[in-house]
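A short worksheet on the structure shown next.
What follows draws every value from the coordinates through simple rules; no lab data is involved. Just so you know, these numbers come straight off a predicted model, no measurement behind them. Counting neighbours? That spans all protein chains shown, and the Cβs are built from the backbone with ideal geometry, glycine included.
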Amino acid sequence: MGKTSFSGYPNPFVSREEKLEKNYGMQYFKRMYHEWVDEEAGSGAYVSRNERYKRYREYAEGMQSVEQYKDLLGASGDSSYLNLNWEVVPMIPKFVDVIVGGLTNQEYKIKCTAIDQLSKDKRTEDRLKKLTAMELKEFHNEMAGLTGMPFDKGNDELPESNDELDLYMSLNYKQMTEIAMEEGIELTFYLNDWEEVKKRISRDLVVLNIAASKTDVENGKLTIRYVDPNNLVTSHSSRPDFKNIEHAGEIIYMSIHDLKRLAGDEFTEDEYMEIARSNGGKYGNPKNLGKGSNYYNSYELHEYDTYKVAVLDGLYKTVDDLHYEKKENKYGGYSINKKTKTYKEPKNSKQQRTKIKTSVENIYKGKWIVGTDYIFDYGLATNILRPKSNLSKAMLPYSIYAPNILNMNNKSLVERMIPFADQIQLCHLKIQHLMSKAKPKGSAIELGAIENVGKGDGGTFTPIEVQDIYQQTGNLYYRAQQDDGTPIQSMPIQELGGGIGGALQELIAIYQYNLQMLRDVTGINEARDASQPDKESLVGVQKMALLASNNATRWINQALLSITQNTAKSIALRVQDLVQYKGTYKGYVQAIGEYNMKAIEVSKDVTMADYGIMIEPLPDEEQKVLLEQNIQVSIQQGALRLEDAIMIRNVSNVKLANQLLILRRKKYAEEAAKAAQANAQSNAEQQQASTAAKAQADSQLKQMDSEIEMQKLQAEYQMKEEFAKAEHERKLQIMSLGGEIKAEHIRIAEDDSDLVRTKVK
């Protein structure tokens, strides 16, 4: 092992073979431990932190020591005379339960997206296919119309715009490997009771402001384990997610019996006894170790088997240089063989040889028994997490998050609440004390004035009788002067005040002030802590108050999602490696289906897909109500169809659901506009046809009028002609008749002339 020290750590530039030596690992873990714990002084960051964590957890459960309050009240000795109930007011537990309940009730969906180049190319290719099909849709429909047969199936399901295509790729597009990986992660979470782990993580975030989990492979089974921050040891980190740490581990306390179960034959019985002896007087162990042993059920039991020891179960990351030789063969090819750092090429070699050096991050594991020179289970870690995009990198299997971390320190919500919770507890005790000292109302009685008061029958009242008469009737009988005639100046009975007085109101005011300070420092207002809301407040005001409270603790929710996301990423990498564990592989095949498991296998062995894991919070009730309101308004406005509303409700992502709502409204509006345009065009055509018909009718009417007029003219002309002809004939007749008359006149005249001549004769 190299002699150079790097801040107490062994030289990281030595060979891999040297790093595999136990002495190297023991030096590393010793330094790792002593960065946190100063055993000689019994202090250090680890000890100080654990004391604080213990105190915060006691306050979170309402189980803090009451001795501190006795000291403040000056009742550190015998306090029985105070007659107080020292039980702690569970104010902090209430606030902790409210926040933890909100965290654990938050539902989310794990989304897996392949981000390697091959998967990206396939996604781009599939999108291009959809886009091409969209552009050819009209042509395909025309061909179907001409041929009378469907030319291309699925045209009806194609997006109709680029926006719809983008939304389709976000909502519906999933590669086979992505679906399989999502189901594999969900199965692993279920098998490891993640909901219970999540509750413990959520509580740690609220109480300690740090939480952690760890993934591993145990006997071919994927495991997710809760990690107690009280036992966690890490290198320094400036990031809240601890992704830049070089080592991490846990200090585990176990008996020698459990140690034997883990280490087995790595130590002899004498060494186990030596380990126990080195821990004498620690962790509740006896100081002196005997040599006795006995047998129980054929198993030898030793006195020291019950001794407790501390074990640092650690992991550290380091860069190893790997050396290879590229050697040509007689066929023109070459082979690559692994070599050591000290390897030298053979002299006078007939084949051309080339040295190759590459660097890779590795993780070493080991369990060091604290305070000893014993280490076991040391060596290169198996099942090292490596991102598929860069297999030379290694990842520690811990998922840690500490919000608002500064110099490896931060303040939890519980720590912020403690000063005000202490004041509330003191107020509570003082109110009890004040009430215990409160006296009822009484009277000051001047006996001389009520002595020997006459009854009127020669007898007298005793002072007690006068007092009873006063209390029962309100009448006061007394002597106005003493026996010597001196007048009595004061009232014989005067009422005295009692009760608590104004001190109670002062204490209640202080109590309420500190309660409000608890709400201010945590952001948990009355709308969220289940207090009675103001009846005068509007519903919208209450919702705004609840939203403000949720925003105040959103950083804790983000911490939980970060741990969940990193845990899921670790599981995704381990699921890809499952194919080498045949037993577990079969179990996963039965759970998520052979088709999906084959997809995982293909992605590992062929594509080496690298997956991006996203945690998508599912909508809460308020978000669901708001989305439903938008849907109902759209339906009432006639801007959305019922089938579109059903589709939108089935989208778990609220943001995408609203995008789909907008697109469906837009599409419906476009369809309505097209229908209106077609209707308008149809109406225009109908109107045009109506106008043409009217014009034609008018033309025909005019023609008929013209024909009628012509007929009228013709008839009139004919009538005139016939009249003229008749007139002419009449005239002719008249003329003819006139000629006949004239001829008759002439005849008559001739006859008359003949008659006259006859007479004359």
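Here the Karplus relation 6.51 cos²θ - 1.76 cosθ + 1.60, evaluated at θ = phi - 60°, turns the backbone of segment 410-422 into coupling constants of 7, 10, 7, 4, 5, 4, 5, 7, 4, x, 6, 5, 5 Hz, with x for every Gly and Pro.
In this structure, the residue pairs whose Cα-Cα separation is over 29 Å, taken from LYS347/LYS388; LYS214/LYS393; LYS30/LYS199, are LYS347/LYS388; LYS30/LYS199. Going from the residue with the fewest nearby Cβ atoms within 10 Å to the one with the most, TYR513, TYR24 rank TYR513, TYR24.
When only the Cβ of Lys, Arg, Asp and Glu is charged (+1, +1, -1, -1), the dipole of segment 311-400 relative to its Cα centre reaches about 720 debye. Here r is the Cβ-Cβ distance between GLU643 and GLU670 and R0 is 25 Å; the resulting FRET efficiency, rounded to 0.05, is 0.90. In nm, to one decimal, how far is the modelled label at GLU506 from the one at LEU618, with both set 7 Å along Cα→Cβ? The answer from the label model is 5.5 nm. Couplings 3J(HN,Hα) of segment 364-374, computed from phi: 10, 10, x, 10, 9, 7, 4, x, 10, 10, 10 Hz, in residue order, whole Hz [Karplus 6.51 cos²θ - 1.76 cosθ + 1.60, θ = phi - 60°; x for Gly and Pro]. Annotation: amide H-H contacts under 5 Å for ALA212 (H modelled 1.01 Å from N, sequence separation of 5 or more, or interchain): VAL227. Once backbone amide H atoms are built at 1.01 Å from N, ALA381 has ILE363, TYR364, LYS365 as its partners under 5 Å, excluding neighbours fewer than 5 places away on the same chain.
Once the Cα-Cα distance is subtracted from the 0.36 nm per residue extended length, the ASP468 to MET408 segment shows a gain of 14.1 nm. For SER235, nonlocal amide neighbours, meaning residues 5 or more places apart or on other chains whose placed amide H falls under 5 Å from its own, are GLU246, HIS247. Of the residues GLU709, GLU183, the one with the fewest other Cβ atoms within 10 Å heads the list, and the complete ranking is GLU709, GLU183.
As a rough footprinting exposure proxy, the listed residues THR223, THR462 were ranked by other beta carbons within 10 Å of their own, and the order from fewest upward is THR462, THR223. Only Cα pairs under 8 Å and at least 6 apart count here; give the relative contact order of segment 187-255 as a rounded whole percent. The value is 23 percent. Derived scalar couplings between HN and Hα for segment 203-215 equal 5, 4, 5, 6, 7, 10, 6, 7, 8, 7, 9, 9, 9 Hz in order, rounded to whole Hz, by the Karplus curve 6.51 cos²θ - 1.76 cosθ + 1.60 (θ = phi - 60°), x for Gly and Pro.
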